[in-house]
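Q: First the structure, which I've put down as structure tokens, then a few questions once you've had a look.
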Amino acid sequence: MQTTLRINGARLLKSIDELAQIGALERGGVCRLAFTAADKAGREYVESHMRSLGLQVRVDGIGNLMGIRAGREQGPIVACGSHSDTVATGGRFDGSVGVLAGLEAMETLNLAQVTTRRPLAVIDFVNEEGARFMPDMMGSLFVRGDLKIVEARGIAGIDGIRLGEDLDRFGFPGGDDFGKDPIGCYLELHIEQGPVLEQEKINIGVVEGVQGIRWIAFTLLGATAHAGATPIHLRHDAGYVAGEIVRCARRLSLEIEGQRATVGSMSFSPNLVNVVPEEARLTVDLRNPDAARLQQAEDELNRFVNQTAAAERVLVEREKRVDVPPVVFDRSMVDAVDVAVQAFGYSSMRMISGAGHDAQIMAKVCPTAMVFVPSRGGISHNIHEYTAPEDIERGANVLLHTLLALAGE
Ligand code: HGY
Ligand code: MN
Ligand code: MN
């Protein structure tokens with residue numbers, strides 16, 4: 001493989017810096033929650049960057065952005081990309097690296113006057129995070145046809161706003177149907193968001209798959225009572241049951257192989273210091289690379305919730321908001337990444353992604369793979385998220401050369 005062509009690291013880092021100014025937080029990091037003004041501004045930045053590179057921009061009905069670079073031939077598109085929305089405590093690299101490295105690859109090809117045999121594209125999926133409007137990977141679910149716009153518009157966010165209201169308010173003049181341009185394969189560059197590559201002192205993660213994800217939202221209904229005068233045996237304490245569920249999540253993580261369980265959001269009502277909570281709302285995020293163990297974790301969680309709530313005479317309502325099975329990426333795509341890594345002589349290791357990604361959804365649309373670069377300290381969804389410039393540059397060069405191989409060069 002010819003690896004003379006290289007991306008321009010300084011130019012890529014500059015675009016990462018520019019995007020990070022949008023929704024910048026005072027203490028560092030970014031907040032571009034899906035379908036907020038900051039998210040829209042971030043997408044406008046990406047769209048203008050696509051247009052400045054001469055890409056044909058398409059926006060679909062939910063706001064996914066795709067910039068297409070024509071090939072010498074028509075046909076299935078060799079796509080890359082990621083997402084530009086973030087969690088509320090986001091870093092400047094989660095998602096942005098994949099979108100902007102894709103655009104940097106296009107700019108490198110423009111300047112080298114290379115036209116690939118097959119068309120290329122960069123996709124910026126909406127609402128990958130799902131932090132404000134569940135489910136996560138909403139944009140790629142829409143591309144896959146698993147989420148219809150009518151259904152999406154009715155989804156209430158954590159702030160009670162319906163997605164349809166925001167689509168109308170901050171929406172994107174969507175309407176293009178990505179489906180008209182068949183996506184032949186999809187490659188996503190992303191920061192690892194975990195500690196493995198850094199610990200192993202490895203440059204590149206050649207990602208073979210993504211672990212399964214389930215999000216369950218619980219509403220626990222008890223009764224308010226006086227915090228002082230009410231004996232324990234007379235209480236229906238929704239807050240107590242919620243606290244037991246947090247402990248159960250940690251126990252499942254320690255007892256079931258490969259399991260991670262997290263209670264990331266919780267609220268009490270009336271949420272007053274001297275009133276036993278009558279209502280608790282919480283979410284449980286379950287992850288496991290093994291489908292059977294993921295099911296085991298969910299079953300054990302539900303059994304525990306039912307028992308604990310019954311003993312406290314608290315009612316339980318539950319809603320599964322996300323259920324994405326573990327995926328294994330297409331062997332030929334994973335090998336194509338390996339060929340590029342070897343050609344550059346970078347150190348690499350095969351691995352499974354701990355975080356969810358649009359690639360996990362796209363794996364059912366077309367042959368898909370991912371490229372990881374190290375995260376310092378393994379932290380992410382944290383304003384101190386960091387990946388070194390040389391690691392970003394290596395990842396972008398692997399992306400460029402894998403795309404060239406996939407596009408017939
Ligand atoms: O939750 C996830 O793994 C992804 O960051 N949306
Ligand atoms: Mn991400
Ligand atoms: Mn994320």
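Q: Looking only at the range 207-221, how many residues end up being more than 16 Å from ligand 1 (Cβ to nearest atom) and open to solvent by 30 Å² or more (accessible area, probe 1.4 Å)?
A: Final tally of qualifying residues: 2.
Q: Look through Ile216, Ile204 and report the one residue that is at pLDDT 95 or above, more than 17 Å from Ala309 (Cα to Cα) and under 25 Å from the mean Cα position of the chain (by Cα).
A: After applying the criteria, what remains is Ile204.
Q: Could I ask something else about it? From the list Leu33, Leu19, Leu111, pick out the single residue that is more than 16 Å from ligand 3 (Cβ to nearest atom) and of a type in the set (A, V, I, L, M, F, W, C).
A: Only one candidate qualifies: Leu111.
Q: Still on this model: Closer than 16 Å to His83 by Cα, of a type in the set (Asp, Glu) and free of Cβ contacts under 8 Å to residues at least 24 places away in the same chain, is that true of Glu44?
A: So Glu44 fits the description; yes.
Q: While we're here: Evaluate the range 232-244: report whether one residue or more is touching a His at 6+ places or on another chain (Cβ under 9 Å) and surrounded by 15 or more Cβ atoms within 10 Å (Cβ to Cβ).
A: Checked the range 232-244: no residue is touching a His at 6+ places or on another chain (Cβ under 9 Å) and surrounded by 15 or more Cβ atoms within 10 Å (Cβ to Cβ).
Q: Applying the selection to the range 322-332, what residues are of a type in the set (Val, Ile, Thr) and crowded, with 16+ Cβ neighbours inside 10 Å?
A: Scanning the range 322-332 gives Val322, Val324, Val327.
Q: If you go through the range 343-354, how many residues are within 13 Å of ligand 1 (Cβ to nearest atom) and open to solvent by 40 Å² or more (accessible area, probe 1.4 Å)?
A: Result for the range 343-354: 1.
Q: Any residue that is open to solvent by 10 Å² or more (accessible area, probe 1.4 Å), part of a helix (DSSP H, G or I) and farther than 25 Å from Glu107 by Cβ - is there at least one of those in the range 377-393?
A: Within the range 377-393, one or more residues are open to solvent by 10 Å² or more (accessible area, probe 1.4 Å), part of a helix (DSSP H, G or I) and farther than 25 Å from Glu107 by Cβ.
Q: Go through the range 80-110 and report how many residues are within 12 Å of ligand 1 (Cβ to nearest atom), more than 17 Å from Pro389 (Cβ to Cβ) and of a type in the set (Gly, Ala, Ser).
A: Total satisfying the criteria: 3.
Q: Considering each of Asp159, Asp124 in turn, give the residue that is of a type outside the set (Phe, Trp, Tyr) and open to solvent by less than 40 Å² (accessible area, probe 1.4 Å).
A: Answer to the check: Asp124.
Q: Restricting attention to the range 358-376, which residues are part of a helix (DSSP H, G or I) and crowded, with 24+ Cβ neighbours inside 10 Å?
A: Residues satisfying the conditions are Asp358, Ala359, Gln360, Ile361, Met362.
Q: From Ser348, Ser332, Ser375, which residue is of a type in the set (S, T, N, Q) and either touching a Cys at 6+ places or on another chain (Cβ under 7 Å) or within 16 Å of ligand 2 (Cβ to nearest atom) (or both)?
A: Just a single option satisfies the conditions, and that option is Ser375.
Q: Identify, please: which residue in the range 264-279 is surrounded by 18 or more Cβ atoms within 10 Å (Cβ to Cβ) and assigned to a loop (DSSP other than H, G, I, E, B) and is, among those, farthest from the chain's Cα centre (by Cα)?
A: Looking at residues that are surrounded by 18 or more Cβ atoms within 10 Å (Cβ to Cβ) and assigned to a loop (DSSP other than H, G, I, E, B), I get Val276.
Q: Where residues in the range 162-198 are among the basic types (Lys, Arg) and over 19 Å from Gly145 (Cβ atoms), which of them is most open to solvent (accessible area, probe 1.4 Å)?
A: Arg169
Q: Please work out if Glu107 is charged (D, E, K, R), open to solvent by 10 Å² or more (accessible area, probe 1.4 Å) and within 10 Å of ligand 2 (Cβ to nearest atom).
A: For Glu107, the condition - charged (D, E, K, R), open to solvent by 10 Å² or more (accessible area, probe 1.4 Å) and within 10 Å of ligand 2 (Cβ to nearest atom) - is not met.
Q: Please pick out the residue among Arg32, Arg51, Arg43 that is open to solvent by less than 60 Å² (accessible area, probe 1.4 Å) and within 23 Å of Asp177 (Cβ to Cβ).
A: Arg43
Q: For the range 143-154, check the following and say yes or no: at least one residue is in contact with a His (Cβ under 7 Å, 6 or more places away or on another chain) and either surrounded by 19 or more Cβ atoms within 10 Å (Cβ to Cβ) or on the phi > 0 side of the Ramachandran plot (or both).
A: The answer is no, given that none of the residues of the range 143-154 is in contact with a His (Cβ under 7 Å, 6 or more places away or on another chain) and either surrounded by 19 or more Cβ atoms within 10 Å (Cβ to Cβ) or on the phi > 0 side of the Ramachandran plot (or both).
Q: From Thr108, Thr86, which residue is over 27 Å from Arg376 (Cα atoms), of a type in the set (Val, Ile, Thr) and at pLDDT 95 or above?
A: Of the residues listed, the single one that is over 27 Å from Arg376 (Cα atoms), of a type in the set (Val, Ile, Thr) and at pLDDT 95 or above is Thr108.
Table: residues versus (1) without any contact (Cβ under 8 Å) to a residue 40 or more places away in the chain; (2) outside any loop (DSSP other than H, G, I, E, B); (3) surrounded by 16 or more Cβ atoms within 10 Å (Cβ to Cβ).
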{"site": "Arg281", "(1), (2), (3)": "no, yes, yes"}
{"site": "Ala297", "(1), (2), (3)": "no, yes, yes"}
{"site": "Ala309", "(1), (2), (3)": "no, yes, yes"}
{"site": "Lys320", "(1), (2), (3)": "no, yes, no"}
{"site": "Val334", "(1), (2), (3)": "no, yes, yes"}
{"site": "Val341", "(1), (2), (3)": "no, yes, yes"}
{"site": "Gly356", "(1), (2), (3)": "no, no, yes"}
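The values are calculated or read from the model by the stated rules, or taken from the named source; none is laboratory data. Note that the structure is predicted; figures quoted are calculated from it, not measured. For neighbour counting, all protein chains shown are included, and Cβ atoms are generated from backbone atoms with ideal geometry for every residue, glycine included. Each accessible area value is taken on the protein alone, full model and side chains, heavy atoms only, with ligands, DNA and RNA left out. Shrake-Rupley method; radii C 1.70, N 1.55, O 1.52, S 1.80 Å.
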